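Colleague: Encoded as structure tokens, here's the structure I'll be asking about.
The values are calculated or read from the model by the stated rules, or taken from the named source; none is laboratory data. Quick caveat, the model's predicted, so the values are computed rather than measured. A quick note on method: Cβ atoms are made from the backbone with ideal geometry, for glycine too, and the neighbour counts reach across all protein chains shown.
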Amino acid sequence: MSAEYLTKRGSYWQYVRRVPAYVKALDTRKFIRLSTKKQIKSEALIVADRINRETEAFWQSLLTDKTETSFTSYESAINRARILGVQYKPMMELKETKTDEIIERIQTLEQSRLIANQSAVSAVLGGVEKPILPLNKVLEQFFDLSRDSLHGKSEDQIRKWKNPRKKAVRNLIKVIGNKALSEITRDDALDFRAWWIDRVENEHMDPGTANKDIGHINQIINELDDKLRLGLNKPFAAMRLKGEKHNPRIAFKAEYVQNNLLADHAFEGLNKEAQTLIYVMAGTGARPSELVNLTLCDIQLDCKIPHICIRPHDRVLKTDHSQRDIPLIGVALTALQLYPQGFQRYKGNTDSLTALINKYLMEHGLRPTPGHTLYSLRHTFQDRLIEVEAPERIQAELMGHKFHRPKYGSGPSLEQKAEWLKKIAYAPPAHLLCDGPS
């Protein structure tokens, strides 16, 4: 843990670590001292973790001094320079600085007894040129540099995160060719925007789809520029199209859910797990992705208030507020008693579930309008809480939404939430009470 290397100096926390014996012959400094530039310890710890990783990587590079690709070599040079207390500058940029700065950098190498170490010299004196990265190679580097964004996500979540960025880069190459990242201009960005405008006008595409592509490209360029200090322009800044549509989700009427979706044998022909998930979603308002990933320990049936626990398991929840406990009342309890161990068929595969159910709803006339989907059940759940005038705190706790006032105490108990859910509970279909889903 990096906490042991934190020490406070004045108002700020510093990373201080003694150079270990195994690398003393190559790094003769007694201590590494670097400011985290943070006054709050929890924030300083995050910076210290990064410094510690870079420090250990630097020591490892001194021991191995292995051959690297142009990109990893450039990234390593930046990190090595930082560990040695200087900002990396390419040689051409250093030539334009004052002679005193160059002398100070040479003295840094001499004082650290690294003047004969090629990797250290290249880092301090700018011996590694900025790499040329064509568009068809940017994602490999971007995904590697974005590991922190993917931490904790499931394979399915990582796929969903990567795919739209892959699509955006493919579209950009289609329009401007496989240019090097450093050669992309504002004109290229304008051409890409114009290409999307044509598609919006001629193919009736939503401007929001274009803006997602533009946003992903902008993110990729900015991330690579910031992490690798490439000195790129911001060609895709302020390129969003106007007229983006924000279609609100449509809720089912409560009577429609009870009389049609929960009618006896309404989902005959649909597999049992999918049927059960519809019933549980109607009764809890939980997201499909939360329900398909329930585990045995998340489904608490043998207790005073049966409930489900929405928790991250090898995945991240949609928001920090999504972690919650939801009592099981009415149809939700009856249905989930059939699957006390969870839903193995759809675990980690929400898309397959929603596609199947939405297709079934459409083919069997169970969508009052094209805007009604499986997810509409969640909005019905919210509407019903409002109808019975449930307190905002109760609504937020059940929906997994942010409560927009300071939260004090531990929040509503399961008993309190259960009392409100009893007011909106659906009766289970008759076949569910007798035999389970057909």
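Colleague: Filter the range 334-352 for residues that are over 22 Å from the mean Cα position of the chain (by Cα) and farther than 20 Å from LEU433 by Cα and give the result.
Modeller: GLN344, ARG345, listed by residue number.
Colleague: Shifting gears a bit: Could you tell me how many of the residues in the range 31-70 are farther than 13 Å from ARG82 by Cβ, assigned to a loop (DSSP other than H, G, I, E, B), modelled with pLDDT of 85 or more and of a type outside the set (D, E, K, R)?
Modeller: Within the range 31-70, residues that are farther than 13 Å from ARG82 by Cβ, assigned to a loop (DSSP other than H, G, I, E, B), modelled with pLDDT of 85 or more and of a type outside the set (D, E, K, R) number 2.
Colleague: All but one of (1) free of Cβ contacts under 8 Å to residues at least 40 places away in the same chain; (2) surrounded by 14 or more Cβ atoms within 10 Å (Cβ to Cβ); (3) assigned to a helix (DSSP H, G or I) hold for LYS227; which doesn't?
Modeller: Only one criterion is unmet by LYS227, namely (1).
Colleague: Something else now. With the requirement that a residue be part of a helix (DSSP H, G or I) and surrounded by 13 or more Cβ atoms within 10 Å (Cβ to Cβ), what does the range 17-30 give you?
Modeller: VAL23
Colleague: Quick one: is ALA266 part of a helix (DSSP H, G or I), among the aliphatic types (A, V, I, L, M) and in contact with a helix residue (DSSP H, G or I) (Cβ under 7 Å, 6 or more places away or on another chain)?
Modeller: no
Colleague: Okay, moving on. Select from the range 126-171 the residues that are in contact (Cβ under 8 Å) with a residue 24 or more places away in the chain, in a helix (DSSP H, G or I) and not charged (D, E, K, R) and list them in ascending order.
Modeller: Correct list: LEU135, ASN136, VAL138, LEU139, GLN141, PHE142, LEU145, GLN157, PRO164, ALA168, VAL169, ASN171.
Colleague: Oh, and also: Cβ-Cβ below 6 Å, separation at least six or inter-chain, first residue in the range 355-368 and assigned to a loop (DSSP other than H, G, I, E, B), second of a type outside the set (Asp, Glu): which pairs?
Modeller: These pairs meet every condition: ARG367/LEU361.
Colleague: GLU268 versus (1) exposed (fewer than 15 other Cβ atoms within 10 Å of the Cβ); (2) closer than 16 Å to THR334 by Cα: which is the lone unmet condition?
Modeller: Failed condition: (2).
Colleague: Among the residues that make up the range 74-82, is at least one of them touching a residue at least 60 places away in the same chain (Cβ under 8 Å) and of a type in the set (Gly, Ala, Ser)?
Modeller: no
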